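Each remark here refers to the structure printed beneath this line.
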Amino acid sequence: MSKILVTGGAGFIGSHLCERLLADGHSVICLDNFFSGDRDNVAHLLGKPDFTLVEHDVTDSFHFVVDEIYNLACPASPVFYQSDPVKTTRTSVLGAINALELARETGAKILQASTSEVYGDPAVHPQNEQYWGHVNPIGLRSCYDEGKRCAESLFFDYRRRYGVRIKVVRIFNTYGPRMAVNDGRVISNFVVQALRGEDITIYGNGQQTRSFQYVSDLVEGMVRMMGSGDAFSGPVNLGNPGEFTMLELAEKVLSKTNSHSRLIFKPLPEDDPKMRRPDISLAARRLKWQPQVPLDEGLDAVIAYFREKLA
Ligand code: NAD
Ligand code: UDP
C-alpha cells in the first residue's frame, strides 16, 4: 500500500484516478482548488478512511509524506484555461515546480499529466513522441500549450539535476462521466446540446479531426506508467488512435441520442489544430497497454451519464 498524492484530484480525470488508486488498496490525498473541478466528483470517496481531500492551490508550495505523486492540477478545457491565461501558466509551471520539489524532498516518484497539445497544430501525423511539435508561442492556446511544455522541461531537468524519478504521459483528448456540463470540450458540448434539443455547435467546417480516449483506458495507462521501471521516464503518448472528424462525431451523437438538434457552424477558434492522432507504439511496447473502449461504447456511457445529470 502506497501513500499517493493526486493534484487536481477533484477534476474529471483526477476523480477517476483517485477511485482506481483506492480500489487498488492505496491511501490517497486529493489536492484541488476547485477551479475547474468539483467537490461532488469525489463526494462518494469522502467517507473512506484512506481518502483525504485537501483544498489548496498548487501555485503555493505543499508538503505531505508520500510515495507517489500524480500531477494533474491544471484546467484542461480551452474555455476554462483561456478564462484566466496567466493563472493557467502559473498553475502549470509553479505547480510543476512545487510538485517536483516535494518529490525531491521525499524521494517520491512523480508523474506529470502532459498533453498532446505539446504537438500544437502538428505537421507530423500521427504524432509520435520524437516529434517536437508546432506550437504558436503567443496565441490564445499558448498559456496551456507552453505551460505544459515548460512543465515537461522542468520534469526532465529535475531528473538530470536532482535524480528525481519522473514519468511523463502525453494525454490525447479524453472523455467520460464527470465531465462538467459547462466544460466546453466537444464531446460534452455535443452530448449536452443533443439531449437538450439545442443546436449542435460545429466550429469551422467540422473537418478537423480528433482521437477520443475513454477515461478508464487513460487511468489504466497512467497507473501502468507509474508502475514501470525507473529507467523509463517517457514521454509516452496515451490516447486512442481512432480518428474522427467533428462532423462524424456530431452525427454519431445525434443518432445515439435520437435528437433532432440542428448542426450550426461557428468560427473556428484561433490555432485550433487540424488533426490529432496518437502513435501509441511506445506505450504498447513499454507498458503493454492499449485502449479497450471504442468511441461507440464510450459515447453510450457518456450519454447515459449526462441524461441522468440533466434529468
Ligand atoms: P479538469 O479541469 O476536470 O481537472 C483539473 C483539476 O485541476 C480540476 O479539479 C481543477 O480544479 C484543478 N486545478 C486547476 N488549477 C489548480 C490549481 N492552481 N491548484 C489546484 N488545483 C487546480 O480537467 P481534466 O480533463 O480532468 O484534466 C486533468 C489533467 O489532465 C490536466 O492536467 C490536463 O491538462 C490533463 N489533460 C487532460 C486531457 C483531456 O482530454 N481531458 C488531455 C490532455 C491532458
Ligand atoms: N469543437 C466544436 N464544437 C464545440 C466544441 C469544440 O466543433 O462545441 C471542436 C474544436 O474546435 C476542436 C475539437 O472540437 O476542433 C476538439 O475541441 P476540444 O475543445 O474538445 O479539445 P481540443 O481542441 O483541446 O483538442
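Each reported figure results from applying straightforward, stated rules to the coordinates on display, with no laboratory input. Bear in mind the structure is a predicted one, so any value in this text is a computation, not a measurement. Quick reminder, even Gly has a Cβ in these numbers, built from the backbone with ideal geometry, and neighbours come from all protein chains shown.
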Collect the residues in the range 35-66 that are closer than 28 Å to F172 by Cβ and of a type in the set (D, E), keeping them in residue-number order.
-> D38, D40, D57
Would you point out the residue of the range 83-117, among those that are part of a loop (DSSP other than H, G, I, E, B) and more than 10 Å from ligand 1 (Cβ to nearest atom), that is farthest from R276 (Cα to Cα)?
-> G107
Report, by residue number, each residue of the range 24-57 that is assigned to a loop (DSSP other than H, G, I, E, B) and over 17 Å from the mean Cα position of the chain (by Cα).
-> D24, G25, H26, L46, G47, K48, P49, D50, H56, D57
The range 127-141 - residue that is surrounded by 20 or more Cβ atoms within 10 Å (Cβ to Cβ) and in contact (Cβ under 8 Å) with a residue 24 or more places away in the chain and, of those, farthest from R170 (Cα to Cα) | R141
Which one is surrounded by the most Cβ atoms within 10 Å (Cβ to Cβ) among residues in the range 233-282 that are of a type in the set (K, R) and more than 23 Å from P126 (Cβ to Cβ)?
-> K256
Test for R210: is it within 16 Å of ligand 2 (Cβ to nearest atom) and in a strand (DSSP E or B) | yes
Could you tell me whether A250 is more than 26 Å from N136 (Cβ to Cβ) and within 16 Å of ligand 2 (Cβ to nearest atom)?
-> yes
For the range 114-137, name all the residues that are over 26 Å from G8 (Cα atoms) and more than 16 Å from ligand 2 (Cβ to nearest atom).
-> A123, V124, N128, Q130, Y131, W132
Please list, ordered by first then second residue, the pairs with beta carbon atoms under 7 Å, 6 or more apart or interchain, first in the range 1-23 and in a strand (DSSP E or B), second β-branched (V, I, T) and near ligand 1 (Cβ under 8 Å from one of its atoms).
-> T7/V58
Within the range 60-113, can you find the residues that are more than 16 Å from ligand 2 (Cβ to nearest atom), among the polar types (S, T, N, Q) and either buried (at least 19 other Cβ atoms within 10 Å of the Cβ) or within 19 Å of the chain's Cα centre (by Cα) (or both)?
-> N71, T89, T91, N98, Q112
Having 3 or more residues that are more than 26 Å from I166 (Cβ to Cβ) and not basic (K, R) is the bar; report the strands (runs of 3 or more DSSP E) wholly within the range 214-311 that clear it.
-> 243-245, 263-266
